[in-house]
Amino acid sequence: MPENFINKSKRLLYFGLFLTVILIGLSSAMVKSNQFSPKEGDWEGCVVGMYPENGNEKIPGGNLHEIDDFESITEQKVGSVVWFPTWDDEFPTLACNKLAERGIIPHLTWELFWPSEDPNNSRQTGPDGYEGFNDVLAGKYDDYIDRFAEDAKAFDKKVLMRFLHEFNGNWYVWSGNKNGGADGGPDQVIAVWKYVVNRFRAKGANNVKWLWVPHGPSTDRSEEAWNHVSKYWPGDEYVDWIGLDGYNFYPQDPWGGERPFRDFDNCFRKLYDDCAKLGNQPMMIAEFGTGEFEYQDFDKADWITDAFTKIKTEYPRVKIFTWFNINKELDWRVDSSPEALSAFKEAMKDPYYTGSTSTP
């Protein structure tokens, strides 16, 4: 066999071995990368979340007693807790660290208003929409946004950020309804959303996971085509989680308005299906609950049982739920009656519902 042929064969063999080593190394690196960068919501079952009745006052100072109480009465560990900082507040580092020490994911509903100026968040929007929107887009709050982002980055653990929540209702000053309605309201919401997200990302606050949350059916929600949830979608790259809010008011709200009975599917089925078409992000029920009453042969205990059966069997993308555990417009608490609490505890016995997750 000619010597040059042998030498050529050796070179090809060495090149093949070299290429194999490189491919193995790349494969190993990809596996390690995936281990350290898990996909959002990539865990078994659904994480238990809640809002404590006095959470806005107690949690920022690190008082977690209401979480202890909830875990005690429900016999279930909590894995995510929501409260409502406003734009008067700095990033709640103390509270986030206290929660993280217990393996609880902080869930901030960051409300774009200033209670020091407008305590009830009831300011009327002018002909040009909400001044808060206009000021944000004009750069007035860049320093505040950047500082909040930097402090969030320094926390260095996952934090869920629910911003401009329930934008498709008519009750918040940041809604599409109050910022132009059919004449560009959803576009205004999207513009502010992108502006703030971009500033966080420019600061490297990638541990902040953005939670985009429309509201389900409500007598206070416009059903016109301009207000469909798809009109508010900012794009896949701007959303980490899709959230759903919904409640069962019945037979009327505290202001005397009539409210129809809504079972779990009526609150969430269409909203879930519509949102599922927008992106592949994991979903969360970011707020929900039912009042304490009887309707035909249906009561709160039955509503709770039906809800958690449905989440497990028919809403597979819901990876966190947040029970609104407060006596507010109605008594939404899980222990508003012994029967309601018993139903909740029984539902939580299913290992599908978990207070912990394997992701950091």
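Provide the per-residue ³J(HN,Hα) series for the stretch 127-137, in order, calculated from phi with Karplus coefficients 6.51, -1.76, 1.60 and θ = phi - 60°, each as a whole number of Hz, with x at glycine and proline positions.
With the stated coefficients, the stretch 127-137 comes to x, 9, x, 6, 4, x, 4, 4, 5, 4, 5 Hz.
Residue separation times 0.36 nm, minus the C-alpha to C-alpha distance between TRP255 and LYS270: what's the value?
Numbers: separation 15, 0.36 × 15 = 5.40 nm, distance 2.68 nm.
That pair, TRP255 and LYS270, stretches by 2.7 nm at full extension.
Among (1) 41, 27, 21; (2) 38, 22, 20; (3) 36, 22, 19, only one was calculated for this model; which label is it, if the read-out is semi-axes √(5λ) of the Cα gyration tensor in Å?
(1)
Report relative contact order for the chain in percent, whole number only (criteria: Cα-Cα under 8 Å, sequence separation at least 6).
Relative contact order comes out at 20 percent.
Please report the net charge: other residues with Cβ closer than 14 Å to the Cβ of LYS270, K and R +1, D and E -1.
-2
For the chain, what does the helix formula give at 222 nm: sum of -39500 (n - 2.57) over DSSP H segments with n ≥ 4, over the residue count, nearest 500 deg cm²/dmol?
-12000 deg cm²/dmol
Give a residue-ordered list of calculated ³J(HN,Hα) values for the stretch 204-219 (Karplus: 6.51 cos²θ - 1.76 cosθ + 1.60, θ = phi - 60°; whole Hz; x for Gly, Pro).
x, 7, 7, 6, 7, 10, 7, 10, 9, 9, x, 9, x, x, 7, 5
Kyte-Doolittle mean at least -0.5 and Cα extent at least 27 Å along the axis: which DSSP H helices of the chain qualify?
Details: long enough: 3-36 (50 Å, 0.59).
Those that clear 27 Å and a mean of -0.5 are 3-36.
So if I take the centroid of the Cα atoms in the stretch 237-255 and the same for the stretch 87-149, what is the distance between those two points in Å?
Using only Cα atoms to place each centre, the spacing works out to 20 Å.
No value in this document is a laboratory result; all are computed from the given coordinates. Predicted model only: the values in this text are computed from it and were never measured. Positions of Cβ are backbone-derived with ideal geometry, glycine not excepted, and every protein chain shown enters the neighbour counts.
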